[in-house]
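The values are calculated or read from the model by the stated rules, or taken from the named source; none is laboratory data. The model shown is predicted, which means the values in this text are computed figures rather than measured ones. No Cβ is skipped: glycine too gets one built from the backbone with ideal geometry, and neighbour counts run over all protein chains shown.
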Amino acid sequence: EAGVTQFPSHSVIEKGQTVTLRCDPISGHDNLYWYRRVMGKEIKFLLHFVKESKQDESGMPNNRFLAERTGGTYSTLKVQPAELEDSGVYFCASSQEDRGSGNTIYFGEGSWLTVV
Amino acid sequence: KNQVEQSPQSLIILEGKNCTLQCNYTVSPFSNLRWYKQDTGRGPVSLTIMTFSENTKSNGRYTATLDADTKQSSLHITASQLSDSASYICVVSAGSMIYNQGGKLIFGQGTELSVKP
């Protein structure tokens, strides 16, 4: 079974440009999450989809970030326009329905974004 | 403020030795506590998940403990191997499980473990 896959694995863009990151969750996982780690900091939560709906987007830093999950399958995270401080690793993760005891959250390998 | 703190920041041990990593948290509401292993350049991989009612959980040579009263957790690694070299991250779920918010994770900075031959 394929794990969580992310594309691109690495991206270098200039300040002011747009980048779109894609995440394919594990098949059958309704929950999809985006997290990111900026240089020297811990990983932080960005948002959570349940199927195609945004369950929680309290971690999104500002309106330059737009996440979508049309059809409830793969998700995209667009940064427009990119700023230097957006550089970091963007992780996508997915999980099955949580039955109250804590479900395993599976992470992708991350998309490394460098804004120059 | 929700926070997860880990110690030590880094640790070097010899192959075959045991070690214990520490985690203190101030997170509310508390749903569960997770330990993840992250190899360099890879995504985090789940080791254990514990709810507030669980005191200990094992996964092979990894044993996690949780004291919900003092808000402390530890990860004990037994008979370390070279492949154990990685960052170990303590993660607490801050959301309400009732509302399916378990994925709102608060991450620690990680403990960088290096196992030497």
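Tabulated data
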read-out	value
Candidate set: the range A:31-82, residues that are among the charged types (D, E, K, R) and outside any loop (DSSP other than H, G, I, E, B); chosen: the one farthest from the other protein chains (Cβ to nearest Cβ)	A:78
Residue within the range A:5-13 that is assigned to a strand (DSSP E or B), touching a residue at least 40 places away in the same chain (Cβ under 8 Å), touching a Cys at 6+ places or on another chain (Cβ under 9 Å) and closer than 17 Å to residue B:104 by Cβ present	no
Only listed residue being among the charged types (D, E, K, R) and either at the interface with chain B (Cβ under 9 Å from one of its Cβ atoms) or within 30 Å of residue B:52 (Cα to Cα) (or both), chosen from A:109, A:85	A:109
Residue identified as under 30 Å from residue B:117 (Cβ atoms), modelled with pLDDT of 95 or more, among the acidic types (Asp, Glu) and over 10 Å from the mean Cα position of the chain (by Cα) among B:5, B:15	B:15
Residue count, the range A:15-30 (criterion: more than 14 Å from every other protein chain (Cβ to nearest Cβ), modelled with pLDDT of 95 or more and surrounded by fewer than 19 Cβ atoms within 10 Å (Cβ to Cβ))	6
Residue A:7 being facing chain B (nearest Cβ under 10 Å) and among the aromatic types (Phe, Trp, Tyr)	no
When residues of the range B:85-96 are limited to those that are surrounded by fewer than 20 Cβ atoms within 10 Å (Cβ to Cβ) and over 15 Å from residue A:42 (Cα atoms), the one nearest to the chain's Cα centre (by Cα)	B:85
